[in-house]
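Read through the structure below, which is laid out as structure tokens, and then see the notes.
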Amino acid sequence: MTTEIIFSLCIFVSLGGLFYQLWRRFQLLRSAVPVSRFDRIPERVRAVLVYAFGQRKFVRRNPGAERSAGWMHFFIFWGFCVLGIQIITMFGRGYSDSFVVPGFSLHLLGGPYLLLRDLMEVAVLLGVGIALVRWGIIHAPRLYGFLPPERRLREQTHWEAYTILLLIATVMLTGLVYDGGRIVSHPNNLQFIREARWEPFSHLVGLGLAMLGTSFALHASNVAWWVHNLVILVFLNLLPPSKHFHIITAIPNIFFTKLEPKGQLSKQDLENDTRFGTSHIDQFTWKQVLDMFSCTECGRCSANCPATATKKPLAPRQLLLDLRDYLYQHQDEIIEKRSRPVNEDGTEPAEVGENIVGSVIHDDTLWACNTCRACEEACPPMIEYVDKIVDMRRHLVQEEARFPKELTRTFKNMETQSNPWGLDSEQRFEWAERMNVPTVADKPDAEYLYYVGCAGAFDDRNKKTTQAFVRVLQKAGVDFACLAREESCNGETARRLGNEYLYQTMAQMLIETLNNHKVRKIIVNCPHCFNTIKNEFPQFGGSYEVIHAADFVRQLITSGRLKISEEFPKRTVYHDSCYYGRYNDVYDEPRMLLSGAGAQVQEMERHRKFGMCCGAGGGRMWLEEDPDKRVNLLRTEQALQTDPEVIAVSCPFCMTMLGDGIKAKQLEEKVQTLDVMEIIDKVTRSPDTEP
């Protein structure tokens, strides 16, 4: 009876402390800015099954994280899932020595469960051993932090990781000792004899204990029961204040993941909003706060970040941890503000804490981001980084007017000439001279509009791609037209740089033009234009069927409207554009075209979902970089490791960045940088033309 009272008091105190901490965290979540994430429930459930219970991001191939470490986490995760029944059983044994969870007696599921539990306890112990080696001996940079942006993380003691791992190991060991001691200390008990047949490892531990006597084995079993249960209670109370809070929050975070198009940023109400962007810790949405709760500190985000790889001040993990730490420091103030939404004099309460942009998160950190989403693709609990960074950029640009000096010219060029280069807008259609390209004015009923985009219209190198694609369309007899000088910039660069006002102005102007011409189908050969028109224009009443060039040409070839007349037998490595790839899952079509053209397609180590940004995304095309911190040079080196004759791209920005990389390496005579459409133009003909 005394044991039951003491054990009950331990449970009461521990659970009381846990629920208090969880309630405070929940109150903090409720105090954040509201956002709707309760739609499309079946898709959210599927995400939980695939990414939480299936541990997909841990066990798939990921160049930024060792696969063995992923499988280690897989077994630890499922070990705890399986051992949930064991934990309930151990707690129940505090009140009845014969307690079993309903349905798990030996006559039902008990036997197979005991075998599975025994195996998982050993598997988890092995996993913990591997983790301790990685932390204590190997000192994997992904765990300790990448320099220089994660110096603060690197300098920490990381005692928390060791503590949690040792507690997990203790739970596993005491489970084996408890069951093993029970088995050998009751040699004539038929129930225990039956259990022993299903518990090979526990039985083995029990035999080891029996060498010191059955009474010792029984005493060890009783001590193990106490240690096991007390460790569980301590472990639970360590979760909310530590990185292991993700054990509780990761599944909800995955459930509430963003289901809108991945390439769609939030729309600001410029007419009615009183603030533009995020500048204080209490201005984040509850989902963004849940992201902060859910960081496992695994470092997969930083390991895949091109800014981190080139020694810039941005590491996604450190950015999120800095926000989380500041959030926790001001937890009470945020909760208090929600409880009193209006001051006694009727005014709104002040923002909590100081302006985090510049103090907690430095400006240079925000401007280092390529918005490539490599961090989000790699993150197991599906934390969203890009939206937070762009929201803080919006504050810098629209409220502080504080941004790199190069962007002053970029924004002005977009405002006055509707292109970032600042070239005369009257030159937009000069690329089409002597090509007999129809315009919407001449051909208002054309089936397709070819939206060229600023790079394809103004940049000399990318004009060649535009002309090649037009020749492909003409060979296939496609009924298309261009806006010619009526075409304007869609504003994508401005939006990624945080200038939402400029973006919306340009987007609405282009949408008005498209709608006036009753455009329904749009072909593009720029992933940035593709993403913006397809995923973001619907926010402003611009809904169209948007087709990327590679998919459209693939259909032309499949249908016989375009014939491949010769081969392109060169060693070709394809570079995935972030805005086609991670943003819109366009991976296969460009490769299919290259293979169909006879190219010897090779792959870089980082390709498809794990492809590395060229360095131009997020508006960084228009920002200067230190020579030793250029992402395009790093990506070019990765491409050159495949010994290619051609680097193929499907993006004008990628063309510029990788072309510059080849020039910097002085390899222009050996390696070409070509757009996929240029290659297709070389090898195709009209079906009516004699080969």
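Each value in this text was obtained by applying a stated rule to the coordinates, not by laboratory testing. Nothing here was measured: the structure is a model prediction, and the numbers come from that model. In this analysis, Cβ positions are derived from the backbone assuming ideal geometry, glycine residues included, and neighbour counts consider all displayed protein chains.
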### Message
Rounded to two decimal places and with Rh computed the Kirkwood way over Cα pairs, what is Rg over Rh for region 563-685?
### Response
0.96
## Note on the structure
Once phi for every residue in region 603-612 is put through the Karplus expression 6.51 cos²θ - 1.76 cosθ + 1.60 (θ = phi - 60°), the whole-Hz ³J(HN,Hα) values, with Gly and Pro written as x, are 10, 6, 4, 9, 8, 6, 4, 9, x, 9
### Query
Long-range amide H contacts for residue 672: which residues qualify at under 5 Å (H placed 1.01 Å from N, peptide plane, sequence gap of 5 or more or a different chain)?
646, 647
### Options 451, 421, 541, ranked by Cα towards positive dipole end of region 417-550, top entry (Cβ charges)
451
### Message
At a 10 angstrom cut-off on C-beta neighbours, averaged per residue, how do the peptides 283-292, 633-642, 647-656, 24-33 rank from highest to lowest?
### Response
647-656, 283-292, 633-642, 24-33
### Task
Over all directions, average the projected area of the Cα convex hull of region 417-550 and note it in nm².
7.5 nm²
### Task
Can you tell me which of 41-49, 372-380, 328-336, 466-474 comes out highest on packing, and rank the rest after it, using the mean Cβ neighbours within 10 Å?
372-380, 466-474, 328-336, 41-49
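Is there a quick way to get the dipole size of the chain? I mean about its Cα centre, with the Cβ of Lys and Arg at +1 and of Asp and Glu at -1; what is the value in debye to the nearest 20? Write out the running numbers ahead of the final one.
On the way: 78 positive and 82 negative charges, 323 e Å.
Taking the Cα centre of the chain as origin, the dipole is about 1540 debye.
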### Query
Could you list, bin by bin from short to long, the percent of Cα-Cα pairs of the chain in 20 Å steps?
16, 42, 28, 12, 2
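Quick one: 548, 362, 575, fewest Cβ neighbours within 10 Å first, how do they rank? Please report the intermediate quantities before stating the final value.
On the way: 548 24, 362 15, 575 27.
Exposure proxy ranking, most exposed first: 362, 548, 575.
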### Task
Return the distance in nm (one decimal) between the two label points of a simple spin-label model at residue 215 and residue 68, each offset 7 Å from Cα along Cα→Cβ.
4.7 nm
### Query
To the nearest 10 degrees, how steeply does helix 214-238 sit against the main Cα axis of the chain, on a 0 to 90 scale?
40 degrees
### Message
Which lysines, if any, have their Cα less than 30 Å from the Cα of residue 287, not counting same-chain residues under 8 positions apart?
### Response
57, 243, 258, 262, 267, 311, 312, 337, 388, 534, 609
## Note on the structure
For the pair residue 430 and residue 517, the simple spin-label estimate (label points 7 Å beyond Cα toward Cβ) gives in nm 2.1 nm
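Averaging sequence separations of C-alpha pairs under 8 Å and six or more residues apart, then dividing by the length of the chain, give the relative contact order as a whole percent. Working shown, then result.
Working: 1058 pairs, mean separation 86.0, N = 691.
12 percent.
Based solely on its DSSP helices, what 222 nm [θ] is calculated for the chain when runs of n ≥ 4 H residues each add -39,500 (n - 2.57) and the sum is averaged over all residues, nearest 500 deg cm²/dmol?
On the way: 32 runs with 359 residues, N = 691.
Helix contribution divided over all residues of the chain: -16000 deg cm²/dmol.
Calculate, for residue 641 and residue 682, the FRET efficiency according to 1/(1 + (r/R0)^6) with r their C-beta to C-beta distance and R0 30 Å; round to the nearest 0.05. Kindly include the intermediate steps, with their values, before the conclusion.
On the way: r = 26 Å, r/R0 = 0.85.
For residue 641 and residue 682, the calculated efficiency is 0.70.
For a quick check: sort 423, 593 by the number of other beta carbons within 10 angstrom, fewest at the front.
Working: 423 17, 593 27.
The order, fewest Cβ neighbours first, is 423, 593.
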#### Entry: Theoretical FRET efficiency, 1/(1+(r/R0)^6), r = Cβ-Cβ of residue 162 and residue 667, R0 45 Å, to 0.05
0.40
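Express in nm, to one decimal, how much length is gained between residue 689 and residue 603 on full extension, taking 0.36 nm for each residue of separation and deducting their alpha carbon distance. It would help to have the intermediate numbers written out before the result.
Numbers: separation 86, 0.36 × 86 = 30.96 nm, distance 3.41 nm.
Length difference between fully extended and current span is 27.5 nm.
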### Query
Along the charge dipole of region 563-685, Cβ charges K/R +1 and D/E -1, which of 584, 676, 640 sits furthest on the positive end?
584
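When you count, for each residue, the other Cβ atoms within 10 Å and take the mean per peptide, how do 131-140, 497-506, 579-588, 80-89 rank with the highest first? Mind dumping the intermediate values first?
Values: 131-140: 14.0, 497-506: 22.8, 579-588: 21.0, 80-89: 17.0.
So the peptides 131-140, 497-506, 579-588, 80-89, ranked by packing, come out 497-506, 579-588, 80-89, 131-140.
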### Message
Taking every pair of distinct Cα atoms and averaging 1/r, then inverting, what Kirkwood hydrodynamic radius in Å comes out for region 521-609?
### Response
14.3 Å
### Query
Rg to Rh ratio, region 299-398, alpha-carbon atoms and Kirkwood radius?
1.06
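Figure the gain on full extension for residue 486 and residue 49 (residue separation times 0.36 nm, minus the Cα-Cα span) and round it to one decimal in nm. Walk me through the numbers on the way to the answer.
On the way: separation 437, 0.36 × 437 = 157.32 nm, distance 4.83 nm.
Full extension from residue 486 to residue 49 adds 152.5 nm.
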### Task
Determine which aspartates and glutamates satisfy two conditions relative to residue 405: a Cα distance under 14 Å, and not lying fewer than 8 residues away in the same chain.
363, 364, 624, 625
### Query
Helix 549-558 versus the longest principal axis of the chain: what angle, 0 to 90°, nearest 10, using Cα atoms?
80 degrees
### Query
For helix 316-329, what angle does its Cα long axis make with the longest principal axis of the chain, in degrees from 0 to 90 and rounded to 10?
60 degrees
### Task
Excluding residue 448 itself, calculate the net charge of residues whose Cβ lies under 10 Å from the Cβ of residue 448, where each Lys or Arg counts +1 and each Asp or Glu counts -1.
-1
### Query
With a 10 Å Cβ neighbour count serving as the proxy for reagent exposure, in which order, fewest first, do 521, 570, 534, 663 appear?
663, 521, 570, 534
### Query
Once region 41-255 is represented by equal point scatterers at the alpha-carbon sites, with solvent omitted, what log10 I(q)/I(0) does the Debye formula produce at q = 0.07, 0.08, 0.16, 0.19 Å⁻¹?
-0.26, -0.34, -1.16, -1.44
